[in-house]
Amino acid sequence: MIILAIESSCDETAAAVVRMSEEEREILSNTVATQIATHALYGGVVPEIASRAHIEAISPVVRRAVNDAGIELSQIDAVGVTYSPGLIGCLLVGVNFAKSLALSLGVPLVPVDHIKSHTAAAYFVSPGLKAPFLSLVVSGGHTSLYNVTRPHTFEEIGGTRDDAAGEAFDKVGRVMGLPYPGGRAMDELAAEGYNARLQGSAVPLLHFPSPAIADSSLDFSFSGLKTACVNYIHNLRQKEGIDRDGALPKEQMAEIAAAFTDSVTEGICRKLKSALEETGHKKLVLAGGVAANSHLRKAVEKAAAQCGAEVFIPPVSLCGDNGAMVGAQTYFEYTAGVRADSDLNAYASGEGAAAAQALKMRKIEK
Ligand code: KG4
Ligand code: ZN
(Lines give C-alpha, C1' and ligand atoms only; values in the text may rest on other atoms or scores of the structure.)
(Ligands and ions follow the chains in the order given, each with its own letter.)
Protein backbone atom coordinates (compact mmCIF):
# COMPACT_ATOMS: atom_id res chain seq x y z
CA MET A 1 0.00 0.00 0.00
CA ILE A 2 1.06 3.62 -0.54
CA ILE A 3 1.10 5.79 2.57
CA LEU A 4 1.51 9.54 2.89
CA ALA A 5 2.89 10.36 6.33
CA ILE A 6 3.20 13.67 8.16
CA GLU A 7 5.43 14.59 11.12
CA SER A 8 5.40 17.97 12.93
CA SER A 9 5.95 17.15 16.62
CA CYS A 10 8.89 19.50 17.22
CA ASP A 11 11.09 21.58 14.94
CA GLU A 12 10.97 19.67 11.64
CA THR A 13 8.03 19.82 9.23
CA ALA A 14 8.25 16.48 7.44
CA ALA A 15 6.28 14.43 4.96
CA ALA A 16 7.03 11.20 3.13
CA VAL A 17 5.51 8.72 0.76
CA VAL A 18 6.31 5.08 1.48
CA ARG A 19 5.28 1.81 -0.14
CA MET A 20 4.75 -0.84 2.50
CA SER A 21 3.69 -4.48 2.58
CA GLU A 22 4.86 -7.46 4.61
CA GLU A 23 7.82 -7.96 2.25
CA GLU A 24 8.28 -4.46 0.87
CA ARG A 25 9.50 -1.40 2.76
CA GLU A 26 10.33 1.34 0.31
CA ILE A 27 10.75 5.08 0.75
CA LEU A 28 9.45 6.85 -2.36
CA SER A 29 10.11 10.36 -0.99
CA ASN A 30 11.14 11.92 2.30
CA THR A 31 10.98 15.71 2.66
CA VAL A 32 12.10 17.59 5.75
CA ALA A 33 11.94 21.36 6.32
CA THR A 34 14.03 22.05 9.38
CA GLN A 35 13.64 25.07 11.66
CA ILE A 36 17.04 24.61 13.30
CA ALA A 37 18.43 27.92 12.00
CA THR A 38 15.48 29.82 13.50
CA HIS A 39 15.67 28.22 16.94
CA ALA A 40 19.48 28.43 17.01
CA LEU A 41 19.05 32.16 17.66
CA TYR A 42 17.42 31.30 21.01
CA GLY A 43 19.56 28.25 21.90
CA GLY A 44 16.50 25.97 21.98
CA VAL A 45 13.09 25.33 20.40
CA VAL A 46 10.60 28.18 20.98
CA PRO A 47 7.19 26.42 20.82
CA GLU A 48 5.18 29.43 19.54
CA ILE A 49 7.67 30.11 16.75
CA ALA A 50 7.82 26.40 15.89
CA SER A 51 4.01 26.14 15.46
CA ARG A 52 3.97 29.17 13.19
CA ALA A 53 6.82 27.79 11.08
CA HIS A 54 4.93 24.49 10.67
CA ILE A 55 1.86 26.37 9.41
CA GLU A 56 3.98 28.03 6.74
CA ALA A 57 5.85 24.89 5.71
CA ILE A 58 3.28 22.09 5.83
CA SER A 59 1.57 22.64 2.48
CA PRO A 60 4.73 22.95 0.36
CA VAL A 61 6.41 20.07 2.21
CA VAL A 62 3.51 17.69 1.57
CA ARG A 63 3.23 18.81 -2.05
CA ARG A 64 6.94 18.22 -2.54
CA ALA A 65 6.78 14.75 -0.95
CA VAL A 66 4.00 13.78 -3.39
CA ASN A 67 5.86 15.24 -6.40
CA ASP A 68 9.20 13.64 -5.44
CA ALA A 69 7.48 10.26 -5.10
CA GLY A 70 6.16 10.61 -8.66
CA ILE A 71 2.65 9.59 -7.64
CA GLU A 72 -0.82 11.07 -8.05
CA LEU A 73 -2.76 11.98 -4.91
CA SER A 74 -5.33 9.41 -6.01
CA GLN A 75 -2.77 6.60 -5.49
CA ILE A 76 -2.54 7.25 -1.72
CA ASP A 77 -4.17 4.45 0.29
CA ALA A 78 -3.86 5.98 3.76
CA VAL A 79 -2.63 9.11 5.55
CA GLY A 80 -0.58 8.67 8.75
CA VAL A 81 0.22 11.46 11.17
CA THR A 82 2.15 11.96 14.42
CA TYR A 83 -0.43 12.87 17.07
CA SER A 84 1.66 12.38 20.26
CA PRO A 85 3.98 13.11 22.06
CA GLY A 86 5.41 16.51 21.19
CA LEU A 87 4.80 20.25 21.37
CA ILE A 88 1.05 20.64 21.29
CA GLY A 89 0.86 23.61 18.89
CA CYS A 90 3.23 21.83 16.50
CA LEU A 91 1.33 18.53 16.60
CA LEU A 92 -1.98 20.30 15.95
CA VAL A 93 -0.70 21.66 12.63
CA GLY A 94 0.20 18.20 11.30
CA VAL A 95 -2.94 16.55 12.70
CA ASN A 96 -5.26 19.12 11.21
CA PHE A 97 -3.56 19.01 7.82
CA ALA A 98 -3.64 15.19 7.78
CA LYS A 99 -7.32 15.18 8.74
CA SER A 100 -8.27 17.46 5.86
CA LEU A 101 -6.15 15.52 3.39
CA ALA A 102 -7.55 12.12 4.40
CA LEU A 103 -11.08 13.50 4.26
CA SER A 104 -10.64 15.04 0.84
CA LEU A 105 -9.02 11.88 -0.58
CA GLY A 106 -11.55 9.61 1.10
CA VAL A 107 -8.83 7.41 2.63
CA PRO A 108 -8.26 6.21 6.23
CA LEU A 109 -6.47 8.48 8.70
CA VAL A 110 -4.04 6.69 11.03
CA PRO A 111 -2.74 8.33 14.25
CA VAL A 112 0.88 7.43 15.03
CA ASP A 113 2.98 7.75 18.19
CA HIS A 114 6.26 9.62 17.62
CA ILE A 115 8.40 7.25 19.69
CA LYS A 116 7.07 4.16 17.96
CA SER A 117 7.87 5.88 14.64
CA HIS A 118 11.50 6.42 15.61
CA THR A 119 11.75 2.67 16.17
CA ALA A 120 9.96 1.99 12.86
CA ALA A 121 12.78 3.75 10.95
CA ALA A 122 14.72 0.53 11.57
CA TYR A 123 12.35 -1.44 9.31
CA PHE A 124 14.00 0.26 6.34
CA VAL A 125 17.40 -1.13 7.39
CA SER A 126 16.47 -4.72 6.92
CA PRO A 127 13.30 -6.46 5.76
CA GLY A 128 14.36 -9.21 8.21
CA LEU A 129 13.41 -7.08 11.20
CA LYS A 130 10.20 -8.42 12.73
CA ALA A 131 8.81 -8.07 16.25
CA PRO A 132 9.41 -9.21 18.96
CA PHE A 133 12.52 -7.17 19.71
CA LEU A 134 13.99 -4.71 22.20
CA SER A 135 14.06 -1.03 21.25
CA LEU A 136 15.95 1.87 22.77
CA VAL A 137 14.76 5.29 21.62
CA VAL A 138 17.28 8.03 22.44
CA SER A 139 16.16 11.48 21.36
CA GLY A 140 15.93 15.08 22.47
CA GLY A 141 12.84 14.30 24.54
CA HIS A 142 13.11 10.59 25.36
CA THR A 143 15.46 7.88 26.49
CA SER A 144 13.20 4.85 26.75
CA LEU A 145 13.57 1.10 26.51
CA TYR A 146 10.72 -0.89 25.04
CA ASN A 147 9.78 -4.50 24.87
CA VAL A 148 8.19 -4.52 21.40
CA THR A 149 5.98 -7.60 21.37
CA ARG A 150 4.14 -6.75 18.13
CA PRO A 151 4.95 -3.92 15.69
CA HIS A 152 2.26 -1.74 17.28
CA THR A 153 2.57 -2.97 20.90
CA PHE A 154 5.26 -1.30 22.97
CA GLU A 155 5.78 -1.98 26.68
CA GLU A 156 8.10 0.52 28.38
CA ILE A 157 10.51 -1.40 30.59
CA GLY A 158 12.98 1.39 31.37
CA GLY A 159 13.60 5.06 30.78
CA THR A 160 15.10 8.26 32.02
CA ARG A 161 13.93 9.58 35.37
CA ASP A 162 14.83 13.17 34.44
CA ASP A 163 16.54 14.56 31.32
CA ALA A 164 16.72 12.76 27.98
CA ALA A 165 20.14 11.91 26.54
CA GLY A 166 19.70 14.45 23.72
CA GLU A 167 18.87 17.20 26.20
CA ALA A 168 22.14 16.48 28.03
CA PHE A 169 24.15 16.54 24.78
CA ASP A 170 22.54 19.84 23.79
CA LYS A 171 23.01 21.50 27.19
CA VAL A 172 26.69 20.57 27.49
CA GLY A 173 27.23 21.63 23.87
CA ARG A 174 25.56 24.97 24.56
CA VAL A 175 27.68 25.67 27.66
CA MET A 176 30.80 24.90 25.61
CA GLY A 177 29.59 27.33 22.93
CA LEU A 178 28.94 24.72 20.22
CA PRO A 179 26.33 25.34 17.50
CA TYR A 180 22.73 24.37 18.34
CA PRO A 181 21.65 21.59 18.69
CA GLY A 182 24.88 20.43 20.30
CA GLY A 183 24.58 16.68 19.70
CA ARG A 184 26.23 16.53 16.31
CA ALA A 185 29.03 18.95 17.21
CA MET A 186 29.67 16.99 20.44
CA ASP A 187 29.99 13.82 18.31
CA GLU A 188 32.71 15.42 16.15
CA LEU A 189 34.48 16.97 19.14
CA ALA A 190 34.51 13.64 21.00
CA ALA A 191 36.20 12.04 17.95
CA GLU A 192 38.96 14.66 18.27
CA GLY A 193 39.20 13.87 21.98
CA TYR A 194 39.58 10.13 21.35
CA ASN A 195 42.24 10.83 18.70
CA ALA A 196 44.14 13.08 21.10
CA ARG A 197 44.03 10.34 23.76
CA LEU A 198 45.53 7.87 21.28
CA GLN A 199 48.33 10.29 20.53
CA GLY A 200 49.05 10.75 24.24
CA SER A 201 47.26 14.05 24.86
CA ALA A 202 48.74 16.41 27.45
CA VAL A 203 45.25 17.19 28.76
CA PRO A 204 44.33 15.18 31.89
CA LEU A 205 41.76 12.43 31.26
CA LEU A 206 38.33 13.21 32.67
CA HIS A 207 35.69 10.98 34.17
CA PHE A 208 32.04 11.94 34.62
CA PRO A 209 29.24 10.03 36.40
CA SER A 210 27.33 7.28 34.62
CA PRO A 211 23.73 7.93 33.55
CA ALA A 212 22.81 4.32 34.41
CA ILE A 213 20.89 4.20 37.71
CA ALA A 214 22.88 2.02 40.11
CA ASP A 215 20.14 -0.47 40.86
CA SER A 216 18.50 -3.42 39.18
CA SER A 217 16.07 -1.20 37.21
CA LEU A 218 16.51 -0.44 33.52
CA ASP A 219 16.36 3.31 34.22
CA PHE A 220 18.66 6.21 33.45
CA SER A 221 19.31 9.64 34.90
CA PHE A 222 21.12 12.13 32.68
CA SER A 223 20.78 15.19 34.90
CA GLY A 224 23.68 14.24 37.20
CA LEU A 225 26.00 13.69 34.25
CA LYS A 226 24.85 16.94 32.65
CA THR A 227 25.34 18.97 35.85
CA ALA A 228 28.76 17.44 36.58
CA CYS A 229 29.88 18.32 33.08
CA VAL A 230 28.47 21.86 33.15
CA ASN A 231 30.04 22.52 36.59
CA TYR A 232 33.38 21.24 35.33
CA ILE A 233 33.21 23.64 32.37
CA HIS A 234 32.30 26.64 34.60
CA ASN A 235 35.12 25.82 37.04
CA LEU A 236 37.60 25.41 34.22
CA ARG A 237 36.67 28.83 32.80
CA GLN A 238 37.14 30.40 36.23
CA LYS A 239 40.49 28.67 36.74
CA GLU A 240 41.74 29.74 33.31
CA GLY A 241 40.38 33.28 33.70
CA ILE A 242 38.01 32.88 30.73
CA ASP A 243 34.74 34.89 30.52
CA ARG A 244 31.40 33.17 31.24
CA ASP A 245 30.73 32.41 27.56
CA GLY A 246 34.35 32.55 26.42
CA ALA A 247 35.92 29.86 24.28
CA LEU A 248 37.81 27.09 26.05
CA PRO A 249 41.05 25.66 24.65
CA LYS A 250 40.14 23.17 21.88
CA GLU A 251 41.99 20.22 23.48
CA GLN A 252 40.11 20.72 26.76
CA MET A 253 36.77 20.84 24.93
CA ALA A 254 37.60 17.68 22.99
CA GLU A 255 38.47 15.81 26.19
CA ILE A 256 35.24 16.99 27.88
CA ALA A 257 33.21 15.78 24.89
CA ALA A 258 35.05 12.42 24.87
CA ALA A 259 34.59 11.88 28.62
CA PHE A 260 30.91 12.88 28.40
CA THR A 261 30.44 10.45 25.49
CA ASP A 262 32.23 7.69 27.47
CA SER A 263 29.69 8.07 30.27
CA VAL A 264 26.70 8.11 27.90
CA THR A 265 27.83 5.03 25.95
CA GLU A 266 28.89 3.10 29.07
CA GLY A 267 25.60 3.82 30.89
CA ILE A 268 23.41 3.05 27.90
CA CYS A 269 25.26 -0.16 27.01
CA ARG A 270 25.16 -1.40 30.63
CA LYS A 271 21.36 -1.12 30.81
CA LEU A 272 20.96 -2.46 27.27
CA LYS A 273 22.88 -5.60 28.17
CA SER A 274 20.73 -6.09 31.29
CA ALA A 275 17.58 -5.57 29.22
CA LEU A 276 18.71 -8.12 26.61
CA GLU A 277 19.50 -10.59 29.37
CA GLU A 278 16.20 -10.01 31.21
CA THR A 279 13.94 -10.15 28.16
CA GLY A 280 15.89 -12.82 26.27
CA HIS A 281 15.52 -10.77 23.06
CA LYS A 282 18.03 -11.53 20.34
CA LYS A 283 17.14 -8.47 18.25
CA LEU A 284 17.80 -4.90 19.26
CA VAL A 285 16.81 -1.58 17.67
CA LEU A 286 18.61 1.67 18.48
CA ALA A 287 16.67 4.70 17.22
CA GLY A 288 16.00 8.43 17.71
CA GLY A 289 18.08 11.53 17.01
CA VAL A 290 20.90 10.52 19.38
CA ALA A 291 21.21 7.17 17.57
CA ALA A 292 23.04 9.26 14.92
CA ASN A 293 25.95 9.47 17.37
CA SER A 294 28.87 7.62 15.77
CA HIS A 295 30.39 6.52 19.11
CA LEU A 296 27.09 5.28 20.51
CA ARG A 297 26.37 3.31 17.32
CA LYS A 298 29.72 1.50 17.60
CA ALA A 299 29.39 0.87 21.34
CA VAL A 300 25.85 -0.51 21.00
CA GLU A 301 26.92 -2.77 18.12
CA LYS A 302 29.69 -4.14 20.33
CA ALA A 303 27.42 -4.58 23.36
CA ALA A 304 24.79 -6.39 21.27
CA ALA A 305 27.44 -8.69 19.80
CA GLN A 306 28.64 -9.54 23.32
CA CYS A 307 25.06 -10.60 24.13
CA GLY A 308 24.69 -12.54 20.87
CA ALA A 309 22.00 -10.12 19.67
CA GLU A 310 21.50 -8.73 16.17
CA VAL A 311 21.37 -4.94 16.08
CA PHE A 312 19.32 -2.71 13.76
CA ILE A 313 20.18 0.99 13.64
CA PRO A 314 18.55 3.29 11.06
CA PRO A 315 20.94 5.22 8.78
CA VAL A 316 21.84 8.63 10.19
CA SER A 317 19.46 10.27 7.69
CA LEU A 318 16.51 8.45 9.32
CA CYS A 319 17.52 8.94 12.98
CA GLY A 320 16.24 12.53 13.34
CA ASP A 321 12.57 13.39 12.92
CA ASN A 322 11.30 12.49 9.44
CA GLY A 323 8.16 11.42 7.63
CA ALA A 324 9.37 8.02 6.39
CA MET A 325 9.54 6.61 9.91
CA VAL A 326 5.95 7.75 10.48
CA GLY A 327 4.99 6.05 7.21
CA ALA A 328 6.51 2.74 8.33
CA GLN A 329 4.68 2.80 11.67
CA THR A 330 1.46 3.88 9.93
CA TYR A 331 1.52 0.60 8.01
CA PHE A 332 1.71 -1.49 11.17
CA GLU A 333 -0.97 0.54 12.98
CA TYR A 334 -3.17 0.31 9.87
CA THR A 335 -2.82 -3.47 9.60
CA ALA A 336 -3.65 -3.71 13.33
CA GLY A 337 -6.91 -1.87 12.59
CA VAL A 338 -6.01 1.51 14.09
CA ARG A 339 -8.01 4.37 12.53
CA ALA A 340 -8.84 7.92 13.57
CA ASP A 341 -12.08 9.81 13.10
CA SER A 342 -12.39 13.46 12.21
CA ASP A 343 -12.37 14.20 15.96
CA LEU A 344 -8.69 13.13 16.26
CA ASN A 345 -6.85 15.36 18.74
CA ALA A 346 -3.16 15.90 19.49
CA TYR A 347 -1.56 15.11 22.87
CA ALA A 348 1.64 16.52 24.32
CA SER A 349 2.38 13.32 26.25
CA GLY A 350 1.86 9.63 25.65
CA GLU A 351 -0.01 9.46 28.97
CA GLY A 352 -2.39 12.20 27.75
CA ALA A 353 -3.09 10.25 24.58
CA ALA A 354 -3.74 7.04 26.55
CA ALA A 355 -6.08 8.82 29.00
CA ALA A 356 -8.08 10.38 26.14
CA GLN A 357 -8.33 6.99 24.43
CA ALA A 358 -9.58 5.34 27.66
CA LEU A 359 -12.21 8.09 28.08
CA LYS A 360 -13.39 7.59 24.51
CA MET A 361 -13.71 3.82 25.02
CA ARG A 362 -15.78 4.39 28.20
CA LYS A 363 -18.14 6.70 26.29
CA ILE A 364 -18.53 4.13 23.50
CA GLU A 365 -19.27 1.34 26.04
CA LYS A 366 -21.97 3.49 27.70
O1 KG4 B 1 14.75 12.45 17.54
P2 KG4 B 1 15.12 13.88 17.40
O3 KG4 B 1 15.43 14.41 16.03
O4 KG4 B 1 14.01 14.81 18.01
C5 KG4 B 1 13.28 14.44 19.14
O6 KG4 B 1 12.32 13.62 19.00
O7 KG4 B 1 13.68 14.90 20.23
O8 KG4 B 1 16.38 14.10 18.36
C9 KG4 B 1 17.04 15.32 18.44
C10 KG4 B 1 18.24 15.15 19.35
C11 KG4 B 1 18.91 16.45 19.69
O12 KG4 B 1 19.10 16.51 21.08
C13 KG4 B 1 20.24 16.37 18.94
O14 KG4 B 1 21.30 17.09 19.52
C15 KG4 B 1 20.50 14.88 19.00
O16 KG4 B 1 19.24 14.31 18.73
N17 KG4 B 1 21.51 14.45 18.02
C18 KG4 B 1 22.68 13.89 18.38
C19 KG4 B 1 23.39 13.66 17.18
N20 KG4 B 1 22.62 14.08 16.14
C21 KG4 B 1 21.45 14.57 16.68
N22 KG4 B 1 23.18 13.59 19.59
C23 KG4 B 1 24.40 13.03 19.63
N24 KG4 B 1 25.14 12.78 18.53
C25 KG4 B 1 24.69 13.07 17.29
N26 KG4 B 1 25.42 12.82 16.20
ZN1 ZN C 1 11.94 12.61 17.50
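The values are calculated or read from the model by the stated rules, or taken from the named source; none is laboratory data. Everything numeric in this text was worked out from a predicted model, so none of it was measured. Glycine also receives a Cβ, built like all others from the backbone with ideal geometry; neighbour counts cover every protein chain displayed. Surface areas here come from the heavy atoms of the whole protein model, side chains and all, with no ligands, DNA or RNA. Shrake-Rupley method; radii C 1.70, N 1.55, O 1.52, S 1.80 Å.
From (1) modelled with pLDDT of 85 or more; (2) in a helix (DSSP H, G or I), pick out the condition that doesn't hold for residue 345.
Failing condition for residue 345: (2).
Could you check how many residues of the range 1-48 are at pLDDT 95 or above, within 16 Å of ligand 2 (Cβ to nearest atom) and hydrophobic (A, V, I, L, M, F, W, C)?
Matching residues across the range 1-48 total 8.
Could you give me the residue pairs with C-beta distances under 6 Å whose first residue belongs to the range 1-18 and is more than 15 Å from residue 330 (Cα to Cα) and among the hydroxyl-bearing types (Ser, Thr, Tyr), whose second residue is in a strand (DSSP E or B) and within 15 Å of ligand 1 (Cβ to nearest atom) wherever it lies, and which are 6+ apart or on separate chains?
Listed by first residue and then by second, the contacts come to 9/82; 13/33.
I'm trying to understand the selection: among the residues of the range 29-60, which are under 29 Å from residue 19 (Cα atoms) and acidic (Asp, Glu)?
56
In contact with a Gly (Cβ under 7 Å, 6 or more places away or on another chain), more than 20 Å from residue 353 (Cβ to Cβ) and touching a residue at least 24 places away in the same chain (Cβ under 8 Å) - does that describe any residue in the range 69-82?
Checking the range 69-82: not a single residue is in contact with a Gly (Cβ under 7 Å, 6 or more places away or on another chain), more than 20 Å from residue 353 (Cβ to Cβ) and touching a residue at least 24 places away in the same chain (Cβ under 8 Å).
Run residue 211 past the list (1) under 23 Å from the mean Cα position of the chain (by Cα); (2) open to solvent by 30 Å² or more (accessible area, probe 1.4 Å) and report the number of the one that doesn't hold.
That leaves (2) as the condition not met.
How many residues are in a helix (DSSP H, G or I), buried (at least 16 other Cβ atoms within 10 Å of the Cβ) and among the polar types (S, T, N, Q) if we restrict to the range 1-54?
The qualifying residues number 1.
Any residue at all in the range 62-79 that's surrounded by fewer than 23 Cβ atoms within 10 Å (Cβ to Cβ) and under 21 Å from the mean Cα position of the chain (by Cα)?
Among the residues of the range 62-79, not one is surrounded by fewer than 23 Cβ atoms within 10 Å (Cβ to Cβ) and under 21 Å from the mean Cα position of the chain (by Cα), which makes the answer no.
All but one of (1) farther than 22 Å from residue 21 by Cβ; (2) touching a residue at least 12 places away in the same chain (Cβ under 8 Å) hold for residue 63; state the number of the condition that does not hold.
Of (1) farther than 22 Å from residue 21 by Cβ; (2) touching a residue at least 12 places away in the same chain (Cβ under 8 Å), only one is false for residue 63: (2).
Name every residue in the range 6-52 that is of a type in the set (Gly, Ala, Ser) and under 15 Å from residue 67 (Cα atoms), in order of residue number.
14, 15, 16, 29 - these are the residues of the range 6-52 that are of a type in the set (Gly, Ala, Ser) and under 15 Å from residue 67 (Cα atoms).
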